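S.K.: Supplied in structure tokens, the structure appears directly below.
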Amino acid sequence: MHVDYYFTPVSPWTHLGHARFAQLLQQHGATVGVRPVDYGRIFPVSGGLPLPKRAPQRQAYRLVELRRFADHLGVPLNVQPKHFPVDAGTASRLIIATAQTQGNAAALDLAGRCGRAVWEQERDLAAADTLQALLAEAGLPATLMETAATPAAAEAFDGFTQQAIDAGVFGAPSYVIDGEIFWGQDRLDFVARRLAGG
């Protein structure tokens, strides 16, 4: 089976579910389309609001839920990291460039490293030196930074974002299987059932 994985690498919810999702893919022999997208474009057409514009009650409860899930899952998470919010555009295009030239497995691994950089390691994902270091740590060629800056990577990023909008995606992470959306890392049990043929 195939899963289209729509996410942004700076989402804490993506980070909380990423390793489990990767394990599910391996467990069920499923293929994946690694699809970083621009939620700055998706929110206005889907009724969502960027975090700073949400009501104080919602912002406060988000922190409670992040702590709950991090504790429950045993995933390290600094709920208020030093470098957040931060522009994820370059990191997203770098993940896309990795998928285009090194394959989806390498892109999935890099996406996980990006999430850990923000939510565990207090690194600035918008900084070129951080991204270069992540490539080196993943054993990927430094020239991917140049590939990420090409029109092809930008077009793919825009294309994935439009695909997400067309598919009805509105939040991160979203897993789409045969047109069916599973929104949120807390829906991975349902993803597992679907991959198992349920």
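S.K.: Quick one: work out the % antiparallel among DSSP beta bridges in the chain, nearest 5.
M.R.: So the antiparallel bridges amount to about 55 percent of the total.
S.K.: If packing is taken as the average number of other Cβ atoms within 10 Å across a peptide's residues, how do 171-182, 134-145, 91-102 rank, most packed first?
M.R.: Most protected by this proxy first, the peptides run 91-102, 171-182, 134-145.
S.K.: Short version: ³J(HN,Hα) in whole Hz for each residue of the stretch 68-74, in order, from phi by Karplus 6.51 cos²θ - 1.76 cosθ + 1.60 (θ = phi - 60°), x for Gly and Pro, what are they?
M.R.: 4, 5, 4, 5, 4, 8, x
S.K.: Of all the Cα-Cα pairs you can form in the stretch 106-176, what percent are over 14 Å apart?
M.R.: It works out to 68 percent of all Cα pairs.
S.K.: Follow-up. Sequence-distant or interchain residues sharing an amide H contact under 5 Å with Val32, placed H: which?
M.R.: Placed amide hydrogens put Val3 under 5 Å from Val32.
S.K.: Turning to a different aspect of this structure: Once you have the Cα-Cα distance between Ala105 and Arg193, take 0.36 nm times their residue separation minus that, and quote the gain in nm to one decimal.
M.R.: Full extension of this stretch gives 29.5 nm more.
S.K.: Hey, another quick one. Can you tell me the FRET efficiency between Gln132 and Asp158 if r is taken as the Cβ-Cβ distance and R0 is 25 Å, rounded to the nearest 0.05?
M.R.: Using R0 = 25 Å, I get an efficiency of 0.55.
S.K.: What does the helix-only formula give at 222 nm for the chain: each DSSP H stretch with n ≥ 4 adding -39500 (n - 2.57), the total divided by the residues, and the result rounded to the nearest 500 deg cm²/dmol?
M.R.: -18000 deg cm²/dmol
S.K.: Taking Rh as the Kirkwood radius, which is the inverse of the mean 1/r over Cα pairs, what is the Rg/Rh value for the stretch 70-121?
M.R.: 1.05
S.K.: With charges set only on the Cβ (+1 for Lys and Arg, -1 for Asp and Glu), what does the dipole of the stretch 96-175 come to about its Cα centre, in debye to the nearest 20?
M.R.: 140 debye
S.K.: Rounded to the nearest angstrom and ordered from largest down, what semi-axes does the equivalent ellipsoid of the stretch 39-78 get from its C-alpha gyration tensor (root of 5λ)?
M.R.: 24, 13, 7
S.K.: Quote to one decimal, in nm, the extra length available between Ala55 and Asp71 on full extension: 0.36 nm per residue of separation minus the C-alpha distance between them.
M.R.: 3.3 nm
S.K.: Rounded to a whole number, what % of the accessible area of the stretch 39-88 do carbon and sulfur atoms account for, probe 1.4 Å?
M.R.: Roughly 55 percent of what the probe reaches on the stretch 39-88 is carbon or sulfur.
S.K.: I want to verify a result. In a Gaussian network model of the chain, Cα cutoff 10 Å, which of these has the top mean-square fluctuation: Gly89, Gly47, Gly17?
M.R.: Gly47
S.K.: Which of the listed residues, Val79, Gly89, Ala60, is farthest toward the dipole's positive end in the stretch 40-108, when Lys, Arg count +1 and Asp, Glu count -1 at the beta-carbon?
M.R.: The one lying farthest along the dipole's positive direction is Ala60.
S.K.: Over the Cα atoms of the chain, what radius of gyration and what Dmax do you get, in Å?
M.R.: Values for the chain (Cα only, Rg and Dmax): 15.9, 44 Å.
S.K.: If you wrap a convex hull around the alpha carbons of the stretch 1-115, what volume per residue comes out, as a whole number of Å³?
M.R.: 116 Å³
S.K.: Shifting gears a bit: Considering only protein heavy atoms and a probe of 1.4 Å, how much of the accessible area of the stretch 118-175 is carbon and sulfur, as a whole percent?
M.R.: 54 percent
S.K.: Solvent-accessible area per residue for the stretch 1-125 at a 1.4 Å probe radius, Å²?
M.R.: I get 48 Å² per residue for the stretch 1-125.
The values are calculated or read from the model by the stated rules, or taken from the named source; none is laboratory data. Just so it is clear, the model here is predicted, and its values are computed rather than measured. Because the Cβ atoms are built from the backbone with ideal geometry, glycine has one as well, and the counts that use them run over all protein chains shown. Just so you know, the surface numbers come from the protein's heavy atoms only, side chains and all, with ligands and any DNA or RNA stripped out. Shrake-Rupley method; radii C 1.70, N 1.55, O 1.52, S 1.80 Å.
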